[in-house]
Amino acid sequence: MSNSLRERVREKLVRQLEEDGPPDSEQEDTRQVSVRDDLDRLDAVADGDPLIEELAARYLVP
């Protein structure tokens, strides 16, 4: 059974955050903040929302 596009995008975002390690309390990493925000946005939308396609285009390799 294959993962949905939403699941693949979510896995990619979570993996990026894990690979980056814990946030630096002294200096905010704008890329980490952007990835966390996109993960929150992904979790907030319904299946089929155009945002899922937008995030897939941004984070998944074609």
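Here are the numbers for this structure:
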{"quantity": "Degrees, to the nearest 10: 5-20 long Cα axis against longest axis of the chain", "calculated": "10 degrees"}
{"quantity": "Whole-number percent relative contact order across the chain, with pairs defined as alpha carbons under 8 Å at least 6 apart", "calculated": "49 percent"}
{"quantity": "Net lengthening on full extension, GLN32/GLU11 (0.36 nm per residue, minus Cα-Cα)", "calculated": "6.1 nm"}
{"quantity": "Sorted by Cβ density within 10 Å, fewest first, the residues GLU26, GLU11", "calculated": "GLU26, GLU11"}
{"quantity": "Among LEU13, LEU39, LEU51, residue whose mean-square fluctuation peaks in a GNM of the chain (springs only between Cα atoms under 10 Å)", "calculated": "LEU51"}
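Bear in mind these aren't lab numbers, they're just calculated from the coordinates by the rules spelled out. Predicted model only: the values in this text are computed from it and were never measured. Positions of Cβ are generated from backbone atoms using ideal geometry, with glycine treated the same way; all protein chains shown enter the neighbour counts.
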